[in-house]
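The values are calculated or read from the model by the stated rules, or taken from the named source; none is laboratory data. Being a predicted model, the structure only gives us computed values, none of them experimental. Here the Cβ positions follow ideal geometry from the backbone for every residue, glycine too, while neighbour counts run over all protein chains shown. We work out accessible area using only protein heavy atoms, side chains counted, and drop any ligands, DNA or RNA first. Shrake-Rupley method; radii C 1.70, N 1.55, O 1.52, S 1.80 Å.
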Amino acid sequence: MAKGRIFSGMQPSGNFHMGNYQVLTNWIKLQEEYNCVYSIVDWHALTSSYENTSKLPERIENMALDWFSAGLDPEKNIIFIQSHVKEHAELHLLLSMMTPLSWLERVPTYKDKLQQLGEMGKEINTYGFLGYPELMAADIMLYKADAVPVAEDQIPHLELTREIVRRFANIYKPVFPEPQAILSPLLPGIDGRKMSKSYGNEIPYAAESDELHSRVRLMVTDPKRIKKTDPGDPDICTVYTFHKIFSPEQNEIAVHCRNAGIGCVDCKKRLAEKMVSTLADVHGRRKELSLKPGKIKEILAYGAERARKLASATMDEVKSVMNLG
Ligand code: SF4
């Protein structure tokens, strides 16, 4: 059976942390099961941060280094920079003609983010910011993605894409599949909330041994486990959520937690050691790759060329059913 196609992207915001790393590890698993299209979505970065773009090239390069050093394979996946494939903008424009304004205004994250960023002094009451989920829909539809890996809070964005797909089919002709969600759990911050620099609860991806140990020591655990002899519940423990990513012996840890066979201090120490050894390899590969900026550019250019082929075939179909050109 032919493999399905996935699209996903990440904004080069310059705050790459362990939450992003977890998304990447999920992408790496998916690269075996699907034809994956992964994009560094630089236009998305502009929707909420357009005034000062001077750091954008450096952030894009850093993001590419993070992806490749973590193990995202440019042969197995199509990996490229969004603005290098102009068809994203073209489809975004055409979809914007037929998307009711109310659909965009009711996206739950829109008003929250508008307020949150406004309080931070950002003027983002803009056309581009409102159209952010529309651009996301264009990204997904351009590659006729069958599925999209999403966290729970992004489901409304994907639902909007599905509505746009249906509206396009009703007005013109069916061209796009309705993409399904592949739900990906989010790695929490050290206080158990969503990991975010604005909460100060993140673990930077570039963290070295001392910082990793001290951040892990601060992680919240099962609040009912007061004494070492109290049995714990790993399913509500932030430390255990990280063990699931970093420790092959995660099942053994869960058993020891439940029968009070391990204390939280030791459990955290084991986690920190696992994180240090895993990330040491990744950081080493990153260092090597950073000495070859020409190679990174070459890989991204190759990815853009492959993405453009798919994108232009879709646009030919779209223009034909819309009687354009
Ligand atoms: Fe969490 Fe580990 Fe403590 Fe269990 S033993 S509550 S998994 S830190």
**Request:** On the protein heavy atoms, probe 1.4 angstrom, tell me the percent of accessible surface of segment 1-52 carried by carbon and sulfur.
**Result:** 49
**Where GluC sites (Glu not before Pro) in DSSP loops with at most 13 other Cβ within 10 Å are excluded, longest remaining stretch of the chain** = 124-207
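Take the chain, mark every one of the trypsin sites (Lys or Arg not before Pro) that falls in a DSSP loop and has at most 11 other Cβ within 10 Å, then report the longest stretch left between them, sites excluded.
4-223
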**Asked** With every protein chain left in place, what is the accessible area per residue of the chain in square angstrom, probe 1.4 Å?
**Response** 50
**Message:** Placing +1 on the Cβ of each Lys and Arg and -1 on the Cβ of each Asp and Glu in the chain, which of ALA45, LEU160, VAL150 has its Cα farthest towards the positive end of the resulting dipole?
**Reply:** VAL150
**Prompt:** Nearest 0.05, what FRET efficiency do SER54 and THR229 give at R0 = 41 Å with Cβ-Cβ as r?
**Reply:** 0.15
**Message:** Given R₀ = 22 Å, what would the calculated FRET efficiency be for GLN116 paired with GLU163, taking r from the Cβ atoms and rounding to 0.05?
**Reply:** 0.30
**Fill in**
One checks the Cα atoms of the chain and finds Rg and Dmax, in Å, of 21.3, 74
**Message:** I want the local charge near SER13. Using Cβ-Cβ distances under 9 Å, sum +1 for each Lys or Arg and -1 for each Asp or Glu among the other residues.
**Reply:** +2
**Fill in**
Taking 0.36 nm per residue of separation between LEU218 and SER13 and subtracting their Cα-Cα distance, the length gained on full extension comes to 71.3 nm
**Item:** Dipole-positive endmost among THR229, GLY284, HIS243 within segment 207-287 (Cβ charges, Cα centre)
**Value:** GLY284
**Request:** Between the alpha-carbon centers of segment 23-96 and segment 279-309, tell me the distance in whole angstrom.
**Result:** 12
**Complete:** In nm, the gap between the two label points placed 7 Å beyond Cα toward Cβ at GLU208 and ILE155 is 4.3
**Fill in**
Row for segment 1-95, column shape: gyration tensor on C-alpha, a ≥ b ≥ c, rounded if a/c < 1.5 i.e. under 1.5, prolate if a/b over b/c, else oblate; value oblate
**Item:** Cα centre as origin, Lys/Arg/Asp/Glu Cβ charges: segment 207-287 dipole, Debye
**Value:** 120
**Request:** Quick one: check the C-alpha center-to-center distance for segment 224-239 versus segment 112-149, whole angstrom.
**Result:** 39
**Message:** Rounded to the nearest 20 debye, what is the charge dipole size of the chain about its Cα centre when +1 sits on each Lys and Arg Cβ and -1 on each Asp and Glu Cβ?
**Reply:** 220
**Request:** Please give the length that would be gained between ASP316 and GLU288 if that part of the chain were fully extended, namely 0.36 nm times their separation in residues minus their C-alpha to C-alpha distance (nm, one decimal).
**Result:** 6.0 nm
**Message:** Tell me the net charge near MET322. Cut-off is 15 Å between Cβ atoms, MET322 excluded, with +1 for each Lys or Arg and -1 for each Asp or Glu.
**Reply:** -1
